[in-house]
1. Could you pull out the residue among LYS347, LYS338 that is among the basic types (Lys, Arg), open to solvent by 50 Å² or more (accessible area, probe 1.4 Å) and in contact (Cβ under 8 Å) with a residue 40 or more places away in the chain?
2. Filter region 480-498 down to the residues that are touching a Lys or Arg at 6+ places or on another chain (Cβ under 8 Å) and either open to solvent by less than 20 Å² (accessible area, probe 1.4 Å) or of a type in the set (Gly, Ala, Ser) (or both) and list them by number.
3. For region 294-314, give me each residue that is more than 17 Å from LEU344 (Cβ to Cβ) and open to solvent by 20 Å² or more (accessible area, probe 1.4 Å).
4. Considering (1) part of a helix (DSSP H, G or I); (2) open to solvent by less than 20 Å² (accessible area, probe 1.4 Å), say which one LEU365 fails and leave the rest.
5. LYS475 - would you say it is touching a Phe, Trp or Tyr at 6+ places or on another chain (Cβ under 6 Å) and without any contact (Cβ under 8 Å) to a residue 40 or more places away in the chain?
6. Being closer than 30 Å to MET323 by Cα, surrounded by fewer than 20 Cβ atoms within 10 Å (Cβ to Cβ) and of a type in the set (D, E, K, R) is true for just one of GLU196, GLU258, GLU215. Which residue is that?
7. Hey, among GLN399, GLN375, GLN405, which residue is over 30 Å from LYS475 (Cβ atoms) and either open to solvent by 40 Å² or more (accessible area, probe 1.4 Å) or part of a helix (DSSP H, G or I) (or both)?
8. Tally time: how many residues in region 146-183 are assigned to a helix (DSSP H, G or I) and open to solvent by less than 60 Å² (accessible area, probe 1.4 Å)?
Amino acid sequence: MAERIEQRLEDRIPELEQLERVGLFTRKEIRAVLRKASALEYKIQRRALQKEDFINYIQYEVNLLELIKKRRARTGYSFKKEEIEHSILQRVHSLFNRATGKWKDDVQLWLSHVAFCKQWNAKHQLSKVFSTMLAIHSNKPALWIMAAKWEMETQLSSESARHLFLRALRFHPECPKLYQEYFRMELMNAEKQRKEKKEFEQAKMDLGEFNYSEEILNGEMARIVYRDASQKIKGVEFQLALLSIAKLFDFTQDLQKEILEILQARYADDPLTWDYMARRELESLQPTEHTAKQKKVSEMAQREERCCAVFDEAVRTVPTEDMWKCYITFCLERYNRKTNSEELKQKRLERTLSVFRQAHESSLLSEALYKQWLQLLLDSNLSEKAVEVAEAATRHFSQSAEMWQMRLQVLIQLKRDDVTQYFEEAMKHVESKGTLPLWTLWVEWSEGTNSKEDTEALYQRSLHATMPAESVTMKEMYLDWTYRNCGYKKVKRLFTSLCENRPFSLDFFRKMIQIEKEQESCKMLHLREYYERALREFGSTNTDLWLDYIKEELSHPQGKPQNCGSIHWRAMKMLQGDLVEDFVSKYTLLQTGHL
């Protein structure tokens, strides 16, 4: 092993001598490079190889290349690159090859080699890297696309790119992304050839030696890709993705027409088809800058009307929840667009509300869309209408806690007198498992509206009505409200009472500890009680609780520092797994005054 390392270090000497001779590095720096290289070489020649050692070596060589590049720029010396940089680059490639040969499954390692080749313009080497990588990772379409893109855009070789895509499709015959990128590549190739031909014709050059196929120029290759893809991959999303790619090129009108015809023939009942056809009406010619503002508004209103006419036909032809969702989403998008025309804004609002109402009357409005409808009505100050919609929503989704919550929020906002009645009705319909948001809203409303006695009775009721896991939140809120409204003595009694029934949260105990510390005569005896109760529940999973207890004993006037040892011993016994090590570290920081 030592002989091999010595040989590799000797191979470096010519480049290092050149670096010193041309003044890019000093003798001292050359020695430092040799020492570092020797250490790195020994690490990658061991029997038990580590990936990190190769990565560190590669990173060191890359940093060395960057340093040489900066010093060349500073000194203005640009010669001897073949003798200096070339040998370093070859060494980095060799390291990458050894690493990827050892850890073939590490895609990130391959991608790092690809990135390095691109950065240093090592095209020949990159071609080899792609070839080897794809032979091993042929199951990853993204890598095929990356290789084909490089061949097309950097190597300017459409034939190589096409060959890679065809090979990839043999491995992944039903991969939508591969077909999309292959389709895009063929259109890019056609566009490139069209531009070349146009430039030659403008220069009045003889095209005899250049063979420009009319089929390729017109995008026939892309059409073949599309037809093959359409047979293998079904779905509107895929058709629309190819159509959006085709629209980026100005010579694909016939191809776009074919895709649209297939879209309408095969997927006439799909909401996405109708959605696309409707939105196409917005793509008419844009008005010029000199067009009067009023005319722009008028044209926009007309285009939106044409969109809505298509959507109206769509909901008659395909009366489904998804179709109405597409229609409403379009209306909301148009309504949320900024415009200086109040007339257009009002027309968009009226249209949106009308579509919401029609969907509701058809009983095809989803829960999420009811929420959006309610929010739109509230934002538009149509409160009474919002009450009606909220009532209808809770009829359709009577077991939905969120629907009832929205309805109750509307009633509270309008300060209606019958809020309590609807809270009671909500609790009858919604299962106890999902009632926490409703109880939270109810007690918060009661705090600002009802008497203390009524609110306290409501809190007591909520503790029994909610699921055990949800009652934890109500306990915290009950404790906080009692302290704010009834004082320390009452909250202390309540805390003792609530501790009789599990479960608890850590915040529940921390809240009581904080309340005690806010008292003028804060007693350590009470704090110990609260900490002990908390530790019985969370002592095995929370290190900070133990540390806070120790801090309290050290800092409180009535604290007993001698208790810290026993608390530490108990923590070590009770904490689980890695938490013991975490506790020891933090306790050491506490002792040294760094925590």
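1. Working: LYS338 fails: in contact (Cβ under 8 Å) with a residue 40 or more places away in the chain.
Answer to the selection: LYS347.
2. Within region 480-498, THR482, LEU498 qualify.
3. ALA309, VAL310, ASP312, GLU313
4. Going through (1) part of a helix (DSSP H, G or I); (2) open to solvent by less than 20 Å² (accessible area, probe 1.4 Å) one by one, LEU365 breaks only (1).
5. So LYS475 fits the description; yes.
6. GLU258
7. GLN375
8. The first filter runs over region 146-183 and keeps only residues assigned to a helix (DSSP H, G or I), leaving 146-153, 158-171, 176-183.
Keeping just the survivors that are open to solvent by less than 60 Å² (accessible area, probe 1.4 Å) gives 146-148, 150-152, 158, 160-162, 164-165, 168-169, 176, 178-183.
Qualifying residue count, region 146-183: 21.
The values are calculated or read from the model by the stated rules, or taken from the named source; none is laboratory data. On a predicted model such as this, the values are computed, not experimentally measured, just so you know. Quick reminder, even Gly has a Cβ in these numbers, built from the backbone with ideal geometry, and neighbours come from all protein chains shown. Accessible surface is based on the protein model in full, side chains and every heavy atom, while ligands, DNA and RNA are left aside. Shrake-Rupley method; radii C 1.70, N 1.55, O 1.52, S 1.80 Å.
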